[in-house]
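A short reminder: the numbers here are calculations on the coordinates, not readings from a lab. Everything numeric here is computed off the predicted structure, so don't read it as measured data. Because the Cβ atoms are built from the backbone with ideal geometry, glycine has one as well, and the counts that use them run over all protein chains shown.
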Amino acid sequence: MAALALVRSIMLTGTTADVVVLHTGAVTPDQLSPLRDLGAHLMLAEHLPTSSEFNARHQRDRIHAVSPFLKGGKPLFHTPLDNFIKLRLWELEQYERLVFIDADALVVRNCDSLFGYPEFSGAPNVYETLADFHRLNAGVFVAQPSKKTFGNMLKMLNAPDAYWPRTDQSFLQHYFPDWHGLPVFYNMLQYVWFNLPELWDWKSVKIVHYQYEKPWEKDHPKAAKLRPLIDLWQAYFEGSNIPDIETLANPLGTDAQNCG
């Protein structure tokens, strides 16, 4: 499963934090076992108790018809209702602070410093133009668990006629309108590789996020453009031939200016 590459990448950074994997009942014990072997804590998470009307508005076919993804493709397994499960992070009051990272990501440098950021901190949804720095990408964020906050979230989320076109991402930007922006290198979206190559600097990148097409999909439409990033993910997934990040070439083929 995709989370194997992510968990291995986090462990290789020497983190001192617990690595917790939220999973649904659809994941089999055989799929979870390698994550446990790497040292991850596994937590079963159920879907949120949203109304049948809410669930109908957020079915995959409905969202893709009403609010289609025009910039890139989503894999067939994309199930929008699953995205809201990440809100259950706020129920984990045994932790003072959490850093959420989507399963379709790699951590290539230690990111324990993120625990020093306030709630709610997230990286911008920048992958096409620098004008998008005001938009949140919910692939990486910092949260402070609180069951009270979770209850308030659920009320807002499940309000009559509520519709969140980008599911959890739309909701979190609405719930935290004054969110604190993380440096883009904490959530470097893969499309930056070919849309904004001057922004990509391996000496600064900490997390690579494979938004839209996934690196485990065979020959997806943008595979040729993203081959170096796909090969990197495969190395972490297989646990072999993982390169020294410092030696990787930037997309421009030259040292990029540090934009940190």
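Relative contact order for the range 3-185: what is it in percent, counting Cα pairs under 8 Å that are at least 6 residues apart? The value is 25 percent. Counted without the sites themselves, the longest stretch of the chain free of GluC sites (Glu not before Pro) in a DSSP loop having at most 16 other beta carbon atoms within 10 Å is 129-216. What does the C-alpha gyration tensor say about the overall shape of the range 189-247? Classify as rounded when a/c is under 1.5, otherwise prolate if a/b is larger than b/c, or oblate. Oblate is the answer for the range 189-247, as a/c is 1.5 or above yet b/c matches or exceeds a/b. Pairs from the list K155/K206; K148/K214; K86/K218 with a Cα-Cα gap above 29 Å: K155/K206; K148/K214. Rounded is the label for the range 3-185, because the ratio a/c of its alpha-carbon gyration tensor axes (a ≥ b ≥ c) stays below 1.5. Phi angles of the range 97-103 translate, via the Karplus equation with coefficients 6.51, -1.76, 1.60 and θ = phi - 60°, into HN-Hα couplings of 8, 10, 10, 8, 9, 4, 5 Hz per residue; Gly and Pro are given as x.
Only helices enter this figure: runs of n ≥ 4 DSSP H residues, each worth -39500 (n - 2.57), summed and divided by the residues of the chain, yield -7500 deg cm²/dmol at 222 nm to the nearest 500.
Look at where the Cα atoms of the range 92-116 and of the range 170-237 average out, and the two centres are 16 Å apart. Of all aspartates and glutamates in the structure, the ones whose alpha carbon falls short of 15 Å from that of K203, not counting any fewer than 8 places away in one chain, are D244, E246, D255. Placing +1 on each Lys and Arg Cβ and -1 on each Asp and Glu Cβ, with no other charges, gives the range 189-247 a dipole about its Cα centre of roughly 160 debye.
Taking a Cβ cut-off of under 9 Å around G139, the surrounding Lys, Arg, Asp and Glu residues balance to a net charge of -2, with basic ones at +1 and acidic ones at -1. Couplings for the range 41-58, taken from phi via the Karplus curve 6.51 cos²θ - 1.76 cosθ + 1.60 with θ = phi - 60°, read 8, 9, 10, 6, 10, 8, 4, 5, x, 7, 6, 5, 5, 4, 4, 5, 5, 10 Hz in order; Gly and Pro are left as x.
Residues whose amide H lies under 5 Å from that of S121, counting only those 5 or more places away or on a different chain, are V142, H180; hydrogens are built 1.01 Å from N in the peptide plane.
Applying 0.36 nm per residue to the separation of R135 and E238 and subtracting their alpha-carbon distance, the gain on full extension is 33.7 nm.
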